[in-house]
1. Give me the one-decimal nm value for the distance between modelled label points at R161 and D94, 7 Å along each residue's Cα-to-Cβ direction.
2. Starting with the highest mean, order 197-208, 301-312 by the number of other Cβ atoms within 10 Å, averaged over the residues of each peptide.
3. Apply the Kirkwood formula to segment 196-302: the hydrodynamic radius equals the inverse of the mean of 1/r over all pairs of different alpha-carbon atoms; give it in Å with one decimal.
4. Quick check: from the Cα gyration tensor, does segment 2-112 come out rounded (a/c under 1.5), prolate or oblate?
5. For segment 302-361, state which GluC sites (Glu not before Pro) are in a DSSP loop and have at most 14 other beta carbons lying within 10 Å of their beta carbon.
6. What number comes out for the charge environment of L319, summing +1 per Lys or Arg and -1 per Asp or Glu over other residues with Cβ under 10 Å away?
7. With charges set only on the Cβ (+1 for Lys and Arg, -1 for Asp and Glu), what does the dipole of segment 124-357 come to about its Cα centre, in debye to the nearest 20?
8. Need one number: nm distance between label points at L64 and E113, each 7 Å from Cα along Cα→Cβ, rounded to one decimal.
Amino acid sequence: MDALANVAAQFAIVGHVASIEPIVAGHINDTYLVTTDDSPRYVLQRINHRIFRDPPGLMRNVQLVTSHVRSKLAAAGVSDLARRVLEVVPSRADEPLLQTEQGEFWRVYRFVEQTHPVPNNASLNEIYQAGLGFGWFAAQLSDLPASSLIETIPRFHHGPRRYQAFLAAATADVAGRADSCRAEMEATRCYESLLLGPQRDIDAGRLPLRITHNDTKCNNILLDDTTNEAMCVIDLDTVMPGLLMWDFGDLVRTSACRAAEDETDLALVKAEVPRVEAAANGYRDGLGNLISGTELASLASGPSYMALIMATRFLTDYLQGDIYYKIHHPAHNLDRCRNQLKLVAELENERPRLEAIFGSR
Ligand code: GN1
Ligand code: MG
């Protein structure tokens, strides 16, 4: 039995495993689709524990959040629960996580059938649905105290921390790459105040920490294949205390522009107005009347903030010699950084439009 089949065999999978194929998605974990003879399909994942340092704590977060959402859906009499919230498949020892002798951490989810992730070139309705789904997800979790979850990656979207890490990487220049990214380093420095703003609002008590998803790329929500209705929020590894502007921001960052995050033709990296509006309307409708005033108004700066966080992280990783993200060629992180810096400028231009929707501060 090969190593993957051996891992899969240790989970409470129903039926005989027919195949285990890699799914090429994400920069962090390793993901496989497990097909069985005539029973459900599954998603098998190796958690990157160099990045997620506390996999058992992470899985406790996931179980708390999924059971909270599931019980609300059940209480509301919603059908099709298995397609509306992720379901952790336990190991044969009835644990949510399997640790191998080599020290790897594995977990299994039920595959959500007859759905598709929202693609880069999504239609406006698909983008609206993504917004609705992520807004709804935040609203479902609003009565769970943020302090009940651990930070799976401490200070993940913490602007000052990301900025300091970038400055330190630029000074150390361990990979000898600083000369090849002077313009990007300068652009990042120019955006310092945008990067430091949200943490000041948290520290001053102007914005509350809630339970947020923190990786609301549009392909982290699944839509029904037939109706295109938002069904299930996935990739729950970074669900932890955070700001709603981060979730809204990452959704717009990834759906307003049709180009991929590593597109090198920067003329294609554009924020399209109808796409920004579709995401904003969906997210606002999904939140319902959860937030108002300063918090609602803060959403307008979320998109450019999140693009800047990503640009800074990609640049830092490039300067550090590609130690964090998976890359496919040597300048990949620099390409991603340039792409995201262009998007920061594009999304800053959209801020007045978003203020018209959410109000200004
Ligand atoms: C990483 O692996 P993936 O695609 O789910 C990253 C996100 C970034 C994203 C950029 C834990 O997510 O923060 O937005 O790459 N996740 C982590 O594409 O660092
Ligand atoms: Mg992710």
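No value in this document is a laboratory result; all are computed from the given coordinates. Keep in mind it's a predicted model, so treat the numbers as computed, not measured. In this analysis, Cβ positions are derived from the backbone assuming ideal geometry, glycine residues included, and neighbour counts consider all displayed protein chains.
1. If labels sit at R161 and D94, their model points lie 3.6 nm apart.
2. Details: 197-208: 14.8, 301-312: 26.8.
Taking the mean over residues of other Cβ atoms within 10 Å, the ranking is 301-312, 197-208.
3. About 15.0 Å, per the Kirkwood formula over Cα pairs.
4. Taking the square roots of the gyration eigenvalues as a ≥ b ≥ c, segment 2-112 is oblate.
5. Working: sites: E346, E348, E350, E355; in loops: E350.
Listed in order of number, the matching sites amount to none.
6. Working: positive: R177; negative: D173, E184, D317, D322.
Once all neighbours under 10 Å are counted, the net charge is -3.
7. For segment 124-357, the charge dipole is close to 560 debye.
8. 3.3
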